[in-house]
Amino acid sequence: MNRIAEAFKNGKAFIPFITCGDPDLETTGKIVREMVKNGADLIELGIPFSDPTAEGPVIQNANIRALSGGVTTDRIFDFVRDLRKDVTVPIVFMTYANVVFSYGAEKFISTLKDIGIDGLILPDLPYEEKDEFQPICRKYDIALISLIAPTSANRIAMIAKESEGFLYIVSSLGVTGTRSEIKTDLASIVKIVRENTTTPCAIGFGISNPEQAKKMASLSDGAIVGSAIVKIVEKEGRNAPLKVGEFVKEMKNAIKE
C-alpha cells in the first residue's frame, strides 16, 4: 500500500518542496524535520540536475548550489535512508528523466523502494512516454505522479484516469516561481479531474503566501509550495530550518481554516 494516500486523509494537504543539498544535506535534513514538525503532510525532495527545464531561477540556483557542494544521487539516497529513521510522512522525489536514465531506471526505482520513497515526479516526462518508467514504478510500488498543466486541455481526463499517488496540477504556464496572481481557471481543471478519478489532486507552481495557499487548497485537495521555501533557504543558509518551519506552520494553518 502506497503511503501517499495518508497525506490526504486528514483534510487539505500541505506539500513543501526543497532541493536536496542546498546548502548541504545536513541542513536539508534539519529543514525536513522542521517542516514535518510544523504540519507538512508530504515532503517533495528535489534531486538536483544541471538542466532543470521546469524550474525558474530560484530553484535553478538551488540546483547549482547543491551540485557545486558535491551532492550526488547516491549521497541523496543515503541521506533519505537516514531521514527515514524518524520521518514517517510520505516523501516523493522530483527530478528529471535524464537523472533516472543515467543511473539506470530499474536500479534507480528499486533503490527508491529500498530507502522508503513513495513517489516520483518527472516534469519533463511527457504523458505519452510514461510507459518508459511506469511498469518499473508499479513493480516497486512507487507512484509515478502525473502533472496536469493549463495546456493539457482534452488530455486532462485521460491523465486523471491513469493517475497514481496524487495529481500535480500546475497552476500557471511557464516555470516554477512565486507569482503575485494566479489567473488559470483551475476550478474547471479540478472538475474534470474529479469526474475521472478518485486520486487526490494538489495545486503547485507560483504559490507564495497563505492567501494563495488557502485559495488553491479550497479548489483542490492540497497546496504545493517550492520557490517561496527555497528563497528562505537561499537567504538564511544553514539558519533556514526554523524560518522554514515557521513558514510551513503559517501555510498549513491557512489551508486548514
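All of the numbers you see were taken from the coordinates with simple rules; none came from a lab. Remember, it's a predicted structure, so these values are computed and weren't measured experimentally. Please note: Cβ atoms are built from the backbone with ideal geometry, for glycine as well, and neighbour counts cover all protein chains shown.
What to note about this one:
- Cα-derived Rg over Rh, computed across region 65-168 with Rh taken as Kirkwood radius: 0.98
- Percentage of interatomic Cα-Cα distances in region 8-146 larger than 27 Å: 15
- Tensor-based shape of the chain (alpha-carbon gyration tensor, a/c under 1.5 rounded, otherwise prolate or oblate): rounded
- For L67, L167, L125, the sequence from fewest to most other C-beta atoms within 10 Å is L67, L125, L167.
- In region 73-155, the trypsin sites (Lys or Arg not before Pro) that fall in loop regions by DSSP, at most 11 other Cβ within 10 Å: K85
- Ranked by the mean number of other Cβ atoms within 10 Å of their residues, highest first, the peptides 218-227, 188-197 fall in the order 218-227, 188-197.
- Under 22 Å from the Cα of K139 - lysines, other chains or at least 8 residues apart: K107, K113, K130, K161
- The chain: DSSP helices with Cα axial extent of at least 20 Å and average Kyte-Doolittle hydropathy no lower than -1.0: 240-256
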